[in-house]
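Notes follow the structure.
The values are calculated or read from the model by the stated rules, or taken from the named source; none is laboratory data. Quick caveat: nothing in here was measured; it's all calculated off a predicted structure. Every residue, glycine as well, gets a Cβ built from its backbone with ideal geometry; the counts of neighbours run over all protein chains shown.
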C-alpha cells in the first residue's frame, strides 16, 4: 500500500523524520519496502497538451502527437493506448531526468523514421504511481508547459508498505495513523464530518432490503440529490494519485478517497437507474448475468452475493459494480452504499470469477462492521461539498443482528511466560490502551477489542500486540535449557550422507534436477507399457514448463543436464543425483516416494591431468563407482547379473541385486534413447534404489586383525568359454579358496593369438596368508591346486602356462 | 719429491723394473671408467698382476738388489692402490651428479590431479545448516513431498479459501472439488512445515527437530522463482519455551551462517501457524549494513520466517498449549546460498552447468 506522508499528517502529528518513521513501522509489522521522495531528481518534465494525433507512416501501433509544450509545438511519437487528442499528459523534453527510469538524461530519438522531440511518460516513470499501462494523464485544468513537479505538487514522501493479511485495518490511512499514534504516543485526529442534511428525508427516496443477513449483516445507505458530476479538485486528485488510484470524477473519487482514508469500501449508484429506487441484497440466481464495470459479462452461480434492484443485479457485492447503474456525467442523484459483507463469501466470489479489487481485498479480510455509518456520512459530506448536491436527511441502516464486541481475558504473567520478558502489568495495560482497547483491570485483564481489529480473538493475539508495540528488539535472547534426547543423526541418515560423500569423493559432480517429468520421457526411454515406471503420479494442474507427472526415474533429468552441458561445450561428464522418485499409491493412499541414486558418465576420463592419462570412459568405470559406493555403504552382497533394461544397449546392461531385491541397473545407454534426448555419444548410466542398499548395510561390521606373517602372492590365468560370466570364475576362486585365501583380484581380460577362438583368458592375482604362521610353499601349492581343480570341474577351464595339465586331464 | 717421481726415478735405475713400472703407471692413467679402473687393479695388483710378478721373480735377482726391488714394488702397490681409489671415488661422485641432473624436474608444471567431484552447493548449505542445529541438540526428521492438504494447510491453521490453497498457487495430485478445500486433497507440499504436524502427532515433547526437504509452488519460473525449491524447517517444543529462545537460537544460526559480527533483527510478520510471528533479517555482510546492491540499499538481508507455534496447531495434534509451548522457523536454502555467494539467478542451481557446480 502507498501511504502519503502529507495525507497521513491529517490524522496524526508526526514529529520524527520520515526514515525513522519508516523504521518504526517496519519494526512493528507494517513493513516499509521503499520510501519514495516524490519528484526528487525529476527534471525537464512538463504538462503537454495534445493538439492533434496523426498516424505514424511506418508503424501501425505508433502514432504521432502534435503537442503544445507551452512555448512551441513538438512532434512526439507515442505507442500508448490512452493517447487522445485534446488531453494533457506528462511530457519529458530532451535533456529531462527521470530518476525512476535511470540516472541518465533523456535525448530525442528517431523512432521508425520519425524524429520524436521528447516522450510522454507513464506514472511509474514519473515515480508517482506503479502504472505502466499507459502514459500519465493530467486533468483539464493542468496548466500547459508548467513543470510537472509544480503541477502535481510533487514534494510528498510516499511509504510503499506491505500490510500483513491479518491486518485489513491497516489498509487505510486511518489504520496506519493509529499505528503511528500508538508507536509515537501522539494523539489521533478523526476525519472531519459536518454533514448538513438539506435534502428531503431519505425514506421515500430509497429503500434497502437484505434477503440474506448471514452474508450481508449490515447495509448503510446515504442519498445525495442534485449532484453535478465533474472532475475532483486537484488536492483530492493528487492524494488519490499518491495512493495509486486513478481520478475519475468527483462522485467516484470520493468513494475511493473514503475507502483509502477509512478502509471502508463504498459504492455509488445512480439512484435514478435503480428500479423502484430499491436495493435488494440477495444471492444470485443460478446462471444470472451481470455486466460489470470492466465491461465483462459474467455468469453467476447461486452462491454469489449480488446487489440488485427489484428486477436485476446491479453490482457484484463487495467486488465490483455493474455497468447499468454506473455514475456518469448525466447522474444527479446518488445512492452511497457502505456495507459489511461476510469475508469468506467475498473471497469465494472474487476467486471464482478471478476479480480482485481494492474493495474485495478489504472485504475478504474483514472490514469494520461498526464503521459503515461514519464512512457513509463522510462520503455524503464530501460529495455534497464537491458536487453541489444536497444530502438527504437521515440514512438507511439495515443491521438486523448487531455483531457483539469481542472481549478477551489476558493473564499478564502469561505475556511474560510466552515472550520471555518482564513487562510490568501496568505497561501491558498502557500498550493495550494505546491500541484503543478498553480494559477492566483485574488479576486477569478483561480486554474489549475495538471493532476494526478483526484479527484479535484470543489471548495469544493480544500477546502479539504487546510484543509488537513493546518491540521485538527488547525481548532478551536466550537458548533453551535442553536439547533433545535424540539429538544427532541416525545411522540411516549418516549412511545417506555417505552416498554423496562417496560419489563426490570419486570425482562425480552432484546435480539437482526437477522432480517433474513428462510422460513422453518414458517413451523416449523405451519403457514398455505396464512397466513399474509407468505407475505415474499425475498433477491436476501442471505448469507447461515443468512437466505433467512426478518423476519415476531420474534418468531423463540427468540426460537433460548432460544435453545442456554438452551444448555449452562441456563434454566430459561425471554426474550423480540423489533424490526422490514417486509412484502412484494404493487407492486412498499417498503416492509412494523412494530415494534413488543415479550416475551418468560420458566423454573422457582423467582430463584433469596431462601426459596421456585421458581415455574414453567405459562400463567398467561406471561399475567401479558402484562397487566403491557399495564398499562405502558396507553392503556385503551386491550382485551384478546380465540384464536387459530396454533403455540400455543390449549386452551392456547389468541388473544389480542385493539379497532378494533388485535395486537397479547399470550399463550403456541405448543409442536410440540418447537420440531421443538429443545427446550424442556414449553414455553410461546407473540407477539404484537407495533404501534396499541402506537396509543391507552392515555398518557396524567387525574389524579383521592384520596378518603378522608374510603373505604369498600368486597369479593364475584361467581360460574359459567366451560366454561364461566372468564373475562366476572369481566367485568360484573366492568360494573354494580355503582359509588362507585373503584376496582375489582380476587384473587382465585377454583375447588373442594364444587363446583358442571362442575362449577368453581371465588373469587373477591371489594372495594367501595365515594368521598363525608363515605358509610353506607346499601349503600354498595345495591351496592353488584345489582352486584349479574346481575351476576345471565347474567350467572346464584351462590354466595358462600349465600345458602339462592338459595332458594330465585328457 | 712425490711418490710418482721417485718411482720413475728408481725404475730408471733398475732396468728390470722400468718396463713394469711404466706400464703400470700408464694403465692407471688410462683408466677413465669404473670398469677400466677395476681392470687396471687386476692387471697391476691382482694375483697374477705385475706387482705379484715382481715378487715371484725376486729370487732370480742378485741378493743385494732384492731389498731395493722389494721396496720399489711395495711402493708401486701402495701408489696404484691409492691412485685407483682416488680415481674411482671421483668418478662415483660425478656419476651421481650426472644422475641427479638427469632426474631433475620442472617443478613449475601443473600437477596431475585426480578428477575431484563436488556436492551440489545446495547440499553443502543444507549440511551446514543442519550441522549447526545438530550441535544445538536437534535431530533430523523428514516427511512426504506428496502430502495431504490436512498436514500442509488444515492442521497448520490455514484458513479456508486462503489464496495458497488454490489450483492457481499449489500443485495438486488429487483435488476433490476444484473450488473447495478438503483435508484429503493430495498436493505437493508448499513448505516443509507439515513435518511439524506429523512429528508432533507421533511423538511427545521435548522435540528439537530440523527437517530439510523439497517443497513446490506453482510459480512462473524466473530469476527469483522456481516451481521446486528447498527449505529447512525447524521447531522446538518443550515446557517453558518462549520467544527469547526463538531469538537466541536463530541469532546463533544467523551468525554461524553469515559471520559472527553480524547483527540480527526480528520484524513482526504474519503466518497462519505461528503467533507472534517474525521475519529475521541479518545485517548485510557485503556492505556491513551501509547499503549495497545485494541488500538493495537497505543494509539488511531477509533470511527466514519464524514464530511461536500457534496454540491452534497444538490443538490439532492434541498438545495442551498451557503445558507446552514452542517455536518454529523455515528458511529457503536457495536464498541462503544466493545471499552467501552473491548468486543472482535461482535457476543456476537447477541448470547444473558443471562450470557452476565446480566453483563450490
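Overview of values
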quantity	calculated
Residue in segment A:518-530 that is within 12 Å of chain B (Cβ to nearest Cβ) and closer than 19 Å to residue B:171 by Cβ present	no
Residue list for segment A:116-138, restricted to those being in contact with a helix residue (DSSP H, G or I) (Cβ under 6 Å, 6 or more places away or on another chain) and modelled with pLDDT under 85	A:128, A:129, A:130, A:131, A:132
Residue that is nearest to residue B:120 (Cα to Cα), among those in segment A:580-591 that are facing chain B (nearest Cβ under 8 Å) and touching a residue at least 24 places away in the same chain (Cβ under 8 Å)	A:580
Test: residue in segment B:311-321 that is at pLDDT below 95, in contact with a helix residue (DSSP H, G or I) (Cβ under 6 Å, 6 or more places away or on another chain) and surrounded by 17 or more Cβ atoms within 10 Å (Cβ to Cβ)	no
Residue, nearest to the chain's Cα centre (by Cα), within segment A:470-497, restricted to residues that are at the interface with chain B (Cβ under 7 Å from one of its Cβ atoms) and in a helix (DSSP H, G or I)	A:472
Unique residue being at the interface with chain A (Cβ under 7 Å from one of its Cβ atoms) and within 22 Å of residue A:589 (Cβ to Cβ) when the list is B:197, B:186	B:186
Filter result for the condition that a residue is within 9 Å of chain A (Cβ to nearest Cβ) and touching a residue at least 12 places away in the same chain (Cβ under 8 Å), over B:227, B:223	B:227
Residue B:102 within 27 Å of residue A:581 (Cβ to Cβ) and more than 9 Å from chain A (Cβ to nearest Cβ)	no
Matching residues, segment B:322-359, being in contact with a helix residue (DSSP H, G or I) (Cβ under 6 Å, 6 or more places away or on another chain), part of a loop (DSSP other than H, G, I, E, B) and at the interface with another protein chain (Cβ under 10 Å from one of its Cβ atoms)	B:352
Inter-residue pairs, beta-carbon under 6 Å, first within 12 Å of chain B (Cβ to nearest Cβ) and in segment A:434-461, second surrounded by 20 or more Cβ atoms within 10 Å (Cβ to Cβ) and part of a loop (DSSP other than H, G, I, E, B), 6+ apart	A:455/A:166
Identity of the residue in segment A:498-523, closer than 16 Å to residue A:673 by Cβ and crowded, with 21+ Cβ neighbours inside 10 Å, that ends up nearest to the chain's Cα centre (by Cα)	A:517
Residue that is surrounded by 17 or more Cβ atoms within 10 Å (Cβ to Cβ), within 22 Å of residue B:243 (Cβ to Cβ) and out of contact with any helix residue (DSSP H, G or I) (no Cβ under 7 Å at 6 or more places or on another chain), where the choices are A:459, A:464, A:427, A:377	A:464
Every residue from segment A:400-433 that is over 21 Å from residue B:310 (Cα atoms), within 14 Å of chain B (Cβ to nearest Cβ) and without any contact (Cβ under 8 Å) to a residue 12 or more places away in the chain	A:422
For residue A:101: the one exception among (1) closer than 30 Å to residue A:259 by Cβ; (2) under 29 Å from the mean Cα position of the chain (by Cα)	(1)
Qualifying residue in segment A:741-750 (condition: surrounded by 13 or more Cβ atoms within 10 Å (Cβ to Cβ), touching a residue at least 60 places away in the same chain (Cβ under 8 Å) and out of contact with any helix residue (DSSP H, G or I) (no Cβ under 6 Å at 6 or more places or on another chain))	no
Flag for residue B:249 being more than 23 Å from residue B:131 (Cα to Cα), crowded, with 20+ Cβ neighbours inside 10 Å and within 11 Å of chain A (Cβ to nearest Cβ)	no
Strands (runs of 3 or more DSSP E) wholly inside segment A:193-289 containing at least 2 residues that are within 14 Å of residue A:380 (Cα to Cα) and touching a helix residue (DSSP H, G or I) at 6+ places or on another chain (Cβ under 9 Å)	A:218-225, A:266-270
Residue in segment A:596-635 that is nearest to the other protein chains (Cβ to nearest Cβ), counting only those that are in a strand (DSSP E or B) and surrounded by fewer than 17 Cβ atoms within 10 Å (Cβ to Cβ)	A:604
Residue that is farthest from residue B:164 (Cα to Cα), among those in segment B:272-288 that are more than 9 Å from chain A (Cβ to nearest Cβ) and buried (at least 17 other Cβ atoms within 10 Å of the Cβ)	B:285
Selection from segment B:113-138 of residues that are farther than 28 Å from residue A:598 by Cβ and at the interface with chain A (Cβ under 7 Å from one of its Cβ atoms)	B:136, B:137, B:138
Enumeration of residues in segment A:550-579 that are in contact with a helix residue (DSSP H, G or I) (Cβ under 7 Å, 6 or more places away or on another chain), surrounded by fewer than 23 Cβ atoms within 10 Å (Cβ to Cβ) and at the interface with chain B (Cβ under 10 Å from one of its Cβ atoms)	A:564, A:570, A:578
Selection within segment A:439-456 - surrounded by fewer than 17 Cβ atoms within 10 Å (Cβ to Cβ) and touching a helix residue (DSSP H, G or I) at 6+ places or on another chain (Cβ under 9 Å)	A:439, A:441, A:443, A:444
Selection status of residue A:157, surrounded by fewer than 21 Cβ atoms within 10 Å (Cβ to Cβ), free of Cβ contacts under 8 Å to residues at least 40 places away in the same chain and under 41 Å from the mean Cα position of the chain (by Cα)	no
Test set (1) more than 9 Å from every other protein chain (Cβ to nearest Cβ); (2) part of a loop (DSSP other than H, G, I, E, B); (3) crowded, with 20+ Cβ neighbours inside 10 Å - residue B:108 fails condition number	(3)
Any hit, segment A:105-115, residues being crowded, with 16+ Cβ neighbours inside 10 Å, part of a strand (DSSP E or B) and in contact with a helix residue (DSSP H, G or I) (Cβ under 8 Å, 6 or more places away or on another chain)	no
Residues that are surrounded by 24 or more Cβ atoms within 10 Å (Cβ to Cβ) and either within 24 Å of residue A:591 (Cα to Cα) or away from chain A (no Cβ under 11 Å) (or both), drawn from segment B:200-209	B:200
